[in-house]
Each structure stands twice: as C-alpha cells, then as structure tokens.
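Inspection log for the structure reproduced underneath, given as structure tokens.
The values are calculated or read from the model by the stated rules, or taken from the named source; none is laboratory data. Bear in mind that the values here come from a model prediction, so they are computed numbers and not experimental data. Every residue, glycine as well, gets a Cβ built from its backbone with ideal geometry; the counts of neighbours run over all protein chains shown. The protein model used for the area step is the full one, side chains on, heavy atoms only, and it has no ligands, DNA or RNA in it. Shrake-Rupley method; radii C 1.70, N 1.55, O 1.52, S 1.80 Å.
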Amino acid sequence: MKDALSGPDPREAAFQATVDSEGKIEPKDWMPEAYRKTLIRQISQHAHSEIIGMQPEGNWIGRAPTLRRKVALVAKVQDEAGHGLYLYSAAETLGASRDDMVDALIDGRAKYSTIFNYPTLTWADIGTIGWLVDGAAIINQVALCRTSYGPYARAMVRICKEESFHQRQGYEILVDLCQGTAEQKRMAQESLNRWWWPALMMFGPSDDNSPNSAQSMAWKIKRLSNDELRQRFVDQSVPQAEYLGLTIPDPDLKWNAERGHYDFGEVPWDEFMEVLKGNGPCNRQRMEARRKARDDGAWVREAALAHAAKRAARAEKSAA
Amino acid sequence: MTTVSNDDLFAYALRLGDDSLILGQRLGEWCAKSPEMELDIALMNTALDVLGRARGFLTYAGQVEGNGRDEDALAFLRDVEAFGNVLLVEQPNGNFADTIARQFLFDAFDLPFMEALAASADETLSAIAAKAVKETAYHLRFSREWTIRLGDGTEESHARMQAAVNEMWPYVHELFEMDAVEERLCAAGVAVDRAALRDRFERTVADTLAEATLTRPETSWRPVGGRHGRHTEQFGHLLAEMQWMQRAYPGCTW
C-alpha cells in the first residue's frame, strides 16, 4: 500500500501521533508491519521465557523441604504456565499462531530469557530465583505496563501482581536460610554467587550494543533503556542483600553519592553471548525437555481432536 | 456413642493424609512435561488440591497423636513401613493415559468417599472433607472426560487407555478394604463405610468405560498391603526424593 503512494503513509503519522500522546494501539488499529513483527517477537519471547522457566523451578517441586514450600512452589509454577498462555494469547491478537510460536521455540528460531539456561542445584536457588529473577522481571514488566500496545500492557499489569507475590516468597525462603544454620547460610551465599551476574544479564546488552532499542523506544514498546533498568535493579537489590547478610559477588560494587546510584562492575558479556548462542549450561536440556513434552504428547492431542470430530459427527447425525 | 481411641483416629487421619500426599507428589512430577500447557495447569491444580488436604489431615493426625509431630515431621521423617497410603496412588505416572487411569479410578472412589466423610462425627475430618468434595467433583470431571477422549479417540489412544485401565484396575480393590481401626471408627460414626461406596463407584466406572468404548478389566489379582506399610518397590524412591532435604539437613527451619 505504502509503495503505491508517492508520499509517506498518512496512517503511519496517525499511528505515531497516538503513540506520542500515550494512547494505546489496539489489535484492529493500523500499525507498521515492523511494529507488529517487533511485538510478536518480544511478546512470544516473553511467553517462551515463562514456559521454559517452569523447568528450573519444577526441578525442585519433588524435593521442596516442607509441605508449605511445596504447595507455594507448585502454585508459582502454575502461575508461570498461566502467564505463558496469557502472553501467547496477547501475541495471537497480532496474527501470530501459538503453534507456530512454539515450533519456533523448539526449532531454536525463537529466543527466551538466558537466565533459564542456568541450573537449579540447591534449594536456595528457588529462593534466589524468586528474589532476583522475579525481581528483575518485575522491573522490566512494571516499565512494560505503559507499553504502547494495549493487550501487552494489560497483560503486564496482571502478571506484575502475581510476580511481586513470587518475589516476596523467594525472598522469604532466603530469610529463613540466612537466619538458619551456618550450612543454610552458606547455601544461600553460594546460590547468590551463581545467580547475580546472570540476573544482571536479564536486562539485555548495554545500551551501546542494543540494536533494536532506538526504534522500540520511539514506538514506546520499550519505555526505559536496558542500562537504566539494570541500574534500578542493582539499586534495589543491594540493601536487600545487606538485610540478608549476604555479599554480592562484585568487588567493584559501591555507592556513588554523586550519581545517587550504586556503581557496579562490568557484566561478563562474553558469557551472555555464549548462552544466547545456545551454549549455556542447560540450553540443550531445556529445549530437549520441551521437544519431548511436545512429541510424547502428540498422540494425546491427536486423540482429543479425533474424539471432538466423532462427537461433532454424532451430534450432526442425531440432529438430521 | 462409642468412644473413639486416639490411636485409631491418628491412624485414620494419617492414612487419609498419606493417600493425598503421595498422589500430590506423583502429580507434581508432571510439571512442564504434560502433552499440552493447559494440562500442565490442570494437573498442577489437582496436585495443589490434594496437597492442601494432605496438610489438613497430617496436621490433624499430629495433633491427635500429641507427640509434637507436625505435618512436616509426618511427611518427611517416616520411612516406608510407616506410610499407610493405598498402592494405587503410588503407582508411577507412566504415560498420560496411565496417569489419567490412576486419577479416574481414584476420583470415582474419592467423590463418594469425601461426601460420606463430610458427614463424619469428627468435626475436623468433616471440615476437610467438605472442602474436598467440591475439588474432587472437578477432578472427576477432568479425569472422566480424558478417559473418554482417549478411549474414544484414535486407535493408538484407545489401546493405550485400555492398557492403562488394565494396569491400574487391580489396585482399586484396596480402596474398599476396611481393617479393625476403620471398623471401630465407623461404628462411632467417624470413619466412612467403604463397602457402601462400591455400587456408586461401579456405576461411575461402568458409565465412563462404556462411553469411552473401553472394557472393564477382570482380574483375580487384588494387591493390598499399603495400609499396613507394605508398599511397592518404587515407593522408596518416591520417599527418597520427597524427603531428601529434611534427611540431609535435619533440624533446620525452611
């Protein structure tokens, strides 16, 4: 359509005006194709992260140390599955299909948060994931509650509420460990040592190296830069670690009174790039588990379709 | 009114707690592995319901016993021979049809059981059961519908569902077993008369299997023993996983 016109598409100007005035873009509104594609990519990545994120935490359902913790963990993982479905639905409003998105995930064409390619080795990791991983997710998602695409923004509002509950649960696990025996406290510190840098990586590459950011900011899909969000996270986490009596594994971490923020060391970006390429500790097993669930369940989904078809045929026959 | 002995009441609350706990532990193993994301949610939902009632029964058992054992001491610090759950709930998940067969047979029994227990003279048992009735009605709807879908689905799903029902069927007999503990509690109006539930169970099974185009298995093998701590070989592995933290780090607060 645009090619047929001599000047710029007037619809694009109207779209940008809506975005600039903090209006929401809704599924049936006109939108640039690149905006649609960017959103499908981002929302589906977000959905994939929720679904893949069930694995590292699900790894501890069988071994949760008390019944109260077990029930809370099952409920949390169930919430994540719900978030995944909710986000796939939001992406479907843009014309994507869930089956295609899931296929793209399993074929390795789609990405998900690198954090879920790290293993949960101890019970403390369940606490640390709640505290840091959900904490980082909330910082990202609170910003996204004001994103320009209506269904995504509304999904974020609902998801943020549940995530903040998860974060409190995680932190509470660590409080128990840090007030417990020396062995429990060591478990908590060891866990923080492993998860701190991967958590900082959750905000994506630094602003100088973030190729998609400028356009996303102009479209108000993204509201704050990766580095701004990361700084927020560090500022929020340091006093929480102090309260626990844990040491953040960064020798360069210190308060900068002039900036009013904590300075912190260089994120190990080489490691981030490796995990992003598929070479993290668990990338292969996460994908393999998803593929296995899909393949092992194929006969069940086929049966459900076959049964529905039989029922429909019987209903038609009895109506005739 | 017959007096109720604490030993009997403890044993009864404990075995009801164990049935729920072990089923919940098994269902939790499906996390992120089921055939569809919606099924992950449904199976975890059922797990949450049965774990919730396990907590109620075990907490009560600990109170009745009066030796200071709480739900966690009972769940995590007993060995195989002290668990009183039926063998059905400890059966491994197998494929999705196996899990559905285990769940359907359990639910078909559990709904009339919880309805009857809701009328128990014991207020705590009655309250736990009243809540469970609503949950179990939903569990039964889910497991019954999937039994029908798989039974009357494709040739492959039919074969798998029939095999699963055949595999689980021998274990249903134990659900109706009454021992001296339950006979005494039943006389006092506390425990449920399991034999009285058989007709309704059989009707639910017959209706469902007919709609699912499945055949009711015939078997002379009727394994029992779970109520008295004689479990299957897999059960120790289940406990090894479930109890590992409490065994490896005794005396900690989590």
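Could you give the C-alpha radius of gyration of the stretch B:1-51 expressed as a fraction of 2.2 N^0.38 Å, taking N as the number of residues it contains?
Values: Rg = 15.9 Å, N = 51, 2.2 N^0.38 = 9.8 Å.
That ratio works out to 1.63.
Equivalent ellipsoid semi-axes for the stretch A:1-82, as square roots of 5 times the alpha carbon gyration tensor eigenvalues: give them largest first, rounded to whole Å.
Value: 45, 13, 7 Å, ordered largest first.
Hey, got the average number of other protein chain Cβ atoms within 10 angstrom for residues in A:306-313?
Working: counts 9, 11, 2, 1, 4, 3, 0, 0.
If you average over the peptide's residues, the count of other-chain Cβ atoms is 4.
Hey, how many Å between the Cα centroid of the stretch B:29-46 and the Cα centroid of the stretch A:254-287?
32 Å
Other chains' Cβ within 10 Å of B:47-56 residues: what's the mean?
Values: counts 6, 6, 0, 0, 6, 2, 0, 3, 5, 0.
That average works out to 3.
So what's the Cα pair-distance distribution over the stretch B:196-246, bin width 10 Å, in %?
Here the calculated profile for the stretch B:196-246 is 18, 28, 27, 22, 4.
In whole Å, what is the distance between the alpha-carbon centres of the stretch A:14-31 and the stretch B:123-160?
Here the two parts' Cα centres lie 47 Å apart.
Which order do the peptides B:158-164, A:24-30, A:283-289, B:89-95 come out in when sorted by mean C-beta neighbours inside 10 angstrom, highest first?
B:158-164, B:89-95, A:283-289, A:24-30
I need the phi-derived Karplus couplings for the stretch B:42-55: 6.51 cos²θ - 1.76 cosθ + 1.60, θ = phi - 60°, integer Hz, Gly and Pro marked x.
Calculated HN-Hα couplings, in order: 5, 5, 5, 5, 5, 4, 4, 4, 6, 5, x, 6, 4, 4 Hz.
Which shape class applies to the protein assembly as shown: rounded if a/c is under 1.5, otherwise prolate when a/b exceeds b/c and oblate if not, where a ≥ b ≥ c are the square roots of the Cα gyration tensor eigenvalues?
Oblate, since a/c reaches 1.5 and b/c is not below a/b.
Largest first, please: the extent of the C-alpha atoms of chain A along each principal axis, to the nearest Å.
That gives 73, 57, 33 Å along the principal axes, largest extent first.
Find the percent of Cα-Cα distances in the stretch A:216-320 that exceed 18 Å, and round it to a whole number. Walk me through the intermediate numbers first.
Details: 4022 of 5460 pairs.
Considering the stretch A:216-320, 74 percent of its Cα-Cα pairs are separated by more than 18 Å.
So what's the gap between the Cα centers of the stretch A:86-154 and the stretch B:189-210, to the nearest angstrom?
That distance is 45 Å.
Amide H of B:Ala121: which non-local residues (sequence gap of 5 or more, or other chain) have their own amide H closer than 5 Å, using H built in the peptide plane?
Correct list: B:Val190.
Highest mean first, how do B:42-50, A:215-223 rank when packing is the count of other Cβ atoms within 10 Å averaged over residues?
Ranked by mean Cβ neighbours within 10 Å, highest first: B:42-50, A:215-223.
Would you work out what percent of the accessible area of the protein assembly as shown, with all protein chains in place, is carbon or sulfur (probe 1.4 Å)? Don't jump to the answer; show the numbers that get you there.
Values: 12860 of 24240 Å².
The nonpolar share, carbon plus sulfur, comes to 53 percent.
Determine how many Å³ per residue the convex hull of the Cα atoms of the stretch A:189-233 encloses.
Here the figure is 68 Å³ per residue.
What whole-number value in cubic angstrom gives the convex hull volume per residue for the C-alpha atoms of the stretch B:164-254?
Convex hull of Cα atoms, per residue: 184 Å³.
Keeping all protein chains in place, calculate the accessible area per residue for the protein assembly as shown (probe 1.4 angstrom), answer in Å².
Details: 24240 Å² over 574 residues.
Per-residue accessible area for the protein assembly as shown comes out at 42 Å².
What order, most packed first, do the peptides A:239-251, B:10-22, A:70-82 have when packing is the mean number of other Cβ atoms within 10 Å of each residue?
In decreasing order of mean packing, A:239-251, B:10-22, A:70-82 become B:10-22, A:70-82, A:239-251.
Let me confirm one metric for peptide A:49-56, namely the mean number of other chain beta-carbon atoms within 10 Å of its residues' beta-carbons. Mind dumping the intermediate values first?
Working: counts 0, 1, 3, 1, 1, 6, 3, 1.
Average per residue, whole number: 2.
In the calculated pair distance distribution of the stretch A:125-263, what percentage of Cα-Cα distances lie above 19 Å? Mind showing how you got there, number by number?
Details: 5253 of 9591 pairs.
Distances greater than 19 Å cover 55 percent of the Cα pairs.
For the interface of chains B and A, what total accessible area is buried with a 1.4 Å probe, rounded to the nearest 100 Å²?
4100 Å²
Plugging the Kirkwood radius over Cα pairs into Stokes-Einstein for chain B, at a temperature of 20 °C and a viscosity of 1.002 mPa s, what D comes out in µm²/s? Working shown, then result.
On the way: Rh = 18.6 Å.
The calculation lands on 115 µm²/s.
Over all Cα pairs of the stretch A:60-199, how is the pair count split among 10 Å bins, expressed in % and running from 0 up to the last occupied bin?
11, 36, 34, 15, 4, 0
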